[in-house]
Each structure stands twice: as C-alpha cells, then as structure tokens.
Amino acid sequence: MISASVLLIAFLGTMGLVLENAFSSSAIAALNGRLLQQVYGLLSVTEDNGVTLQLPPALTDPLLNQLGSGHFGFVMDDQAQVVWRSQSAMDQVLAPELITALGENLATGVARVGLVPDGLGAMRYLAYRVQWLGEQHAGLYDYVVMEQTTLLDAEVEGFRARLWGWLVGIIGLLMGLQFAVMRWGLKPISTFTRDIEAMTQGDQRALSGPLSLIHI
C-alpha cells in the first residue's frame, strides 16, 4: 500500500509540474502574441514627416494611452534614440539592458522577446526592427512594446494554486479509497487469522464465515 501511495503521489506530482509548465509557456506565448499585435498596430499608423517617423499621440489601444497601465510603446532609431513614445510611457526610462539587447544586431523583420528589470519587478518586451524606405528618408527603426509581468505572474500563480489544490484533493481521495479497498479486501484474512488463533487455543472449534464447515 505504501509503494502504491508513493507511486500515486509521484505520478500526480509529475503531471502537476507538466501542466504548470505548459500553462506558463502558453500564457507567455499569448502575451508575446499580444505584444506583436500591438507592434503591428503601431506600424499601421506610422507616417514619415521627412526627417523621422511620426505616430499619433493618441492610439486606438487604450492601454498605450493611459499612465500606469503597465503597457508601454517606443520607437527608436538606429542610434538608440527614442523618436516616439506612447502616452503611457511618458514617465518611463528605458532600461540599459534593453538598449544593449537592441544593439546586438537585431535582425530586420524578426521579433525579439525578453525580460528587463523594472522598479516593481520585471517587464516583458518585444522588439521589432524595420527597414524604413520612405520617399524622403530611410533608416532602421526598432518598435518596442512592453508589459509589466504583474498580471502574467498573478495569472500563473492563480492557476498553480487551483491546480495543486485539485491534485492534493485527488490524492487524498484516491488514498482514502485505496485504504478502504485494502481494508475491505484484507478483512477475510484478518478474520481467518483470528479464528485460527482462537481454534488453536481451544476457544472455538470451527472457522466463521464461508469457512465455517471446517472443524478441528
């Protein structure tokens, strides 16, 4: 019974870890997908003013218009200078780690994702480099959108709590059922052993239950 319980706990524990990692990976992939969609949204409203790129101050995405939303957008030139920032990022300073990452030969047309430190923890970013070929000027620009990981961490933590709560409940239920089945299955053996001891001591002359026809 102990071996079966250990195997049960090991199996469900391993399954819990696999499900937890799968959910975390799925949540991160969904976040990266949202960030990429935000980049495409910024590209769709980009204009060329003859000197640099220009985007409207107010965007259709309300999260990029509101201070404290935890969502930020930037456009940077090939000298790592910010040429545009969303209204939500007016009080934000780009982390040196992000500037360094963008300078490491970011391929044109390929998204790069990562984490950068933040005062409240960390921010997940997606950077997308474009080769701008306008009528009046050309150049490389990096579109960067970021989101604080607070909501993602809370989502993963909530799933983890629910998952392990269910698994612990299932383990307790299965172990209880296993104990009940084992006790019920071993009851005839216990009764037989007790009868044999009683017959050996002369307290009774026959077995009880289905074996009651056997006498000594």
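The values are calculated or read from the model by the stated rules, or taken from the named source; none is laboratory data. None of these values were measured; they are calculated from a predicted model. All Cβ positions, even for glycine, are placed from backbone atoms using ideal geometry, and neighbour counts span all protein chains on display.
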Failed condition for residue 93, given (1) within 25 Å of residue 68 (Cβ to Cβ); (2) touching a residue at least 12 places away in the same chain (Cβ under 8 Å); (3) exposed (fewer than 13 other Cβ atoms within 10 Å of the Cβ), with all others met?
(2)
Residue 98 vs. criteria under 29 Å from the mean Cα position of the chain (by Cα) and assigned to a helix (DSSP H, G or I):
yes
Only one of (1) out of contact with any Lys or Arg (no Cβ under 8 Å at 6 or more places or on another chain); (2) buried (at least 18 other Cβ atoms within 10 Å of the Cβ) fails for residue 73. Which number is that?
(1)
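Yes or no, residue by residue, for (1) modelled with pLDDT under 85; (2) farther than 30 Å from residue 160 by Cα; (3) not basic (Lys, Arg):
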site: 18; (1), (2), (3): yes, no, yes
site: 38; (1), (2), (3): no, no, yes
site: 71; (1), (2), (3): no, no, yes
site: 83; (1), (2), (3): no, yes, yes
Applying the selection to the range 135-163, what residues are exposed (fewer than 15 other Cβ atoms within 10 Å of the Cβ) and either of a type in the set (Ser, Thr, Tyr) or touching a residue at least 40 places away in the same chain (Cβ under 8 Å) (or both)?
135, 136, 137, 140, 150, 151
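Could you count how many residues in the range 29-77 are in a loop (DSSP other than H, G, I, E, B), farther than 24 Å from residue 155 by Cβ and of a type in the set (A, V, I, L, M)? Spell out how you get there, then give the answer.
We begin by selecting, within the range 29-77, every residue in a loop (DSSP other than H, G, I, E, B); these are 45-46, 49-52, 55-61, 65-70.
Narrowing further to those that are farther than 24 Å from residue 155 by Cβ: 45-46, 49-52, 55-60.
Of the ones still in play, those that are also of a type in the set (A, V, I, L, M) are 45, 51, 55, 58-59.
Residues in the range 29-77 being in a loop (DSSP other than H, G, I, E, B), farther than 24 Å from residue 155 by Cβ and of a type in the set (A, V, I, L, M): 5 in total.
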